[in-house]
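The values are calculated or read from the model by the stated rules, or taken from the named source; none is laboratory data. Note that the structure is a prediction, hence the values are computed from the model and not measured. Please note: Cβ atoms are built from the backbone with ideal geometry, for glycine as well, and neighbour counts cover all protein chains shown.
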Amino acid sequence: MEKELSEHTRNILGLQLPTDPRWVNLAEIQLEEILTDHAYCEQKAAITCISLIQKNPEKKLLVDELSPIVTEEWGHFRLVLAELNKRGLNLGRQRKDVYVNKLIEFQKKGGSPAERFLDQMLIMALIEARSCERFKRLSEGMEDTYMRKFYRKFMESEAGHYTLFITLAEHYIEKKVVRQRWKEWLEYEKVLMNSSEVRGDRIH
Ligand SMILES: [Fe+2]
Ligand SMILES: [Fe+2]
């Protein structure tokens, strides 16, 4: 299974386990569900960026870099909403985000402010990386040409966001420390993905 992820993607994202290929087919037949879940992922990304700005006003680079991301993520939400509307589908209710909740469990609760900050950057980087990989899967595997293009745009955007969160982490924390903790996150995420149910109604 490891081979299925192109070397390019693996190098960029560092993810240790590619998405189960069955997931795309499951997602494709539950478009209303997957678009609803996606819509909330974009909302949560915007909200989290606002919250990071509120908690770190002294970090100028972070404030300057995340401000436009808030707009971009909200723009993504609107794109997904427009797609639902166009198809006569409904935005459903927000569901429990098992993947993100499990990642939060791995975040350092005690520790120094620097350690907590690092984990906040890396959890965002990881969510962006996995979202990017999932959008890549959809953009390559869906039957519908229009939807393949639709997801391709998200894939490119989220790859940029992944890079940004790593860059921000390395701007404020020693690179060696960032790399070491990133490895731990990747390992944790691999185990998490491996033990997660393949669900076509969820982005993660
Ligand atoms: Fe997004
Ligand atoms: Fe993003």
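In region 97-104, the count of residues that are at pLDDT below 95, in contact with a Phe, Trp or Tyr (Cβ under 9 Å, 6 or more places away or on another chain), away from ligand 2 (no atom under 14 Å from the Cβ) and closer than 14 Å to residue 44 by Cα is one or more.
Per the conditions (1) out of contact with any Leu (no Cβ under 6 Å at 6 or more places or on another chain); (2) within 18 Å of residue 43 (Cβ to Cβ), the sole criterion not satisfied by residue 123 is (1). Taking residues in region 152-168 that are touching a residue at least 12 places away in the same chain (Cβ under 8 Å), and partners anywhere that are of a type in the set (S, T, N, Q) and within 10 Å of ligand 1 (Cβ to nearest atom), the pairs with Cβ atoms closer than 9 Å and at least 6 places apart or on different chains are 154/131; 155/131; 158/131; 161/131; 162/131.
Of these, 130, 93, 116, which one is more than 14 Å from ligand 1 (Cβ to nearest atom), of a type in the set (Lys, Arg) and part of a helix (DSSP H, G or I)?
Matching residue, one of 130, 93, 116: 116.
Regarding region 44-58, can at least one residue be identified that is more than 16 Å from ligand 2 (Cβ to nearest atom) and of a type in the set (A, V, I, L, M)? Looking for residues that are more than 16 Å from ligand 2 (Cβ to nearest atom) and of a type in the set (A, V, I, L, M), one finds none in region 44-58, hence no. Examine region 149-165 for a residue that is buried (at least 22 other Cβ atoms within 10 Å of the Cβ) and away from ligand 1 (no atom under 16 Å from the Cβ), and state whether such a residue exists. There is no residue in region 149-165 that is buried (at least 22 other Cβ atoms within 10 Å of the Cβ) and away from ligand 1 (no atom under 16 Å from the Cβ). Put simply, of 65, 28, 42, 32 the only residue that is free of Cβ contacts under 8 Å to residues at least 40 places away in the same chain and out of contact with any Ser or Thr (no Cβ under 7 Å at 6 or more places or on another chain) is 42. Are any of the residues in region 139-150 in contact with a His (Cβ under 9 Å, 6 or more places away or on another chain), hydrophobic (A, V, I, L, M, F, W, C) and in contact (Cβ under 8 Å) with a residue 40 or more places away in the chain? Taking every residue of region 139-150 in turn, none turns out to be in contact with a His (Cβ under 9 Å, 6 or more places away or on another chain), hydrophobic (A, V, I, L, M, F, W, C) and in contact (Cβ under 8 Å) with a residue 40 or more places away in the chain.
The residue that is farthest from residue 167 (Cα to Cα), among those in region 10-52 that are surrounded by fewer than 19 Cβ atoms within 10 Å (Cβ to Cβ) and at pLDDT below 85, is 21.
Among the residues of region 133-148, the one identified as away from ligand 1 (no atom under 16 Å from the Cβ), of a type in the set (A, V, I, L, M) and in a helix (DSSP H, G or I) is 147.
Rundown of residues vs (1) crowded, with 16+ Cβ neighbours inside 10 Å; (2) assigned to a helix (DSSP H, G or I); (3) within 16 Å of ligand 2 (Cβ to nearest atom), yes/no style:
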residue: 124; (1), (2), (3): yes, yes, yes
residue: 171; (1), (2), (3): no, yes, no
residue: 181; (1), (2), (3): yes, yes, no
residue: 188; (1), (2), (3): yes, yes, no
residue: 191; (1), (2), (3): no, yes, no
